[in-house]
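Single-structure report; data block below.
The values are calculated or read from the model by the stated rules, or taken from the named source; none is laboratory data. Since the structure is predicted, the reported quantities are computational estimates derived from the model, not experimental observations. When we count neighbours, we look across all protein chains shown, and the Cβ atoms used for this are built from the backbone with ideal geometry, even at glycine. Surface areas here come from the heavy atoms of the whole protein model, side chains and all, with no ligands, DNA or RNA. Shrake-Rupley method; radii C 1.70, N 1.55, O 1.52, S 1.80 Å.
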Amino acid sequence: MTPSPKYRTAASVLSKLDLDTKPERFRCGPPFDALDLRPGRVIVIGAPPASGKTTLVLQVACDALEQNPN
């Protein structure tokens with residue numbers, strides 16, 4: 001008997017995705033309502049060093065998770 005592999009191939013993952021529908025937009029709440037957060041999107045945040053970029057991104061991520069528990 002051959003043991004089943006302990007990994008998933010990219011083809012098996014992609015076969016379960018519905019690539020024809022637009023992904024759900026994640027709501028972040030104020031003041032981040034204008035951000036278009038959804039899978040596949042890239043948002044570039046640029047600023048001088050030590051200006052709070054990481055803190056801002058962490059706050060946006062926490063707000064998105066609170067607004068979208070699923």
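Taking the Cα centre of the chain as the origin, how large is its charge dipole in debye, to the nearest 20, when only Lys and Arg (+1) and Asp and Glu (-1) carry charge on their Cβ atoms?
Using Cβ point charges on Lys, Arg, Asp and Glu, the chain gives about 300 debye.
From most to least packed by mean Cβ count within 10 Å, the peptides 27-37, 8-18 give 27-37, 8-18. Residue ranking by accessible heavy-atom surface, 1.4 Å probe, largest first, among Lys53, Lys6, Lys22 comes out as Lys6, Lys22, Lys53. The ratio of the alpha-carbon radius of gyration of the range 30-70 to the globular-protein estimate 2.2 N^0.38 Å is 1.24. Sequentially through the range 33-42, phi angles give Karplus couplings (6.51, -1.76, 1.60; θ = phi - 60°) of 4, 6, 6, 9, 8, 6, x, x, 8, 10 Hz, Gly and Pro residues having no value and appearing as x. The C-alpha atoms of the chain define a longest principal axis, and helix 53-67 lies at about 60 degrees to it.
The residues packed around Arg38, meaning those with a beta-carbon under 12 Å from its beta-carbon, carry a net charge of +2 if Lys and Arg are +1 and Asp and Glu are -1. Could you tell me which of Asn70, Ser4, Ile45 has its Cα farthest along the dipole of the chain towards the positive end, charges placed at Cβ (Lys, Arg +1; Asp, Glu -1), taken about the Cα centre? Working it through, the farthest residue towards the positive pole turns out to be Ser4.
Proximity of backbone amide H atoms, modeled 1.01 Å from N, is registered between Leu35 and no other residue at under 5 Å, excluding neighbours fewer than 5 places apart on the same chain.
The ratio of the alpha-carbon radius of gyration of the chain to the globular-protein estimate 2.2 N^0.38 Å is 1.60.
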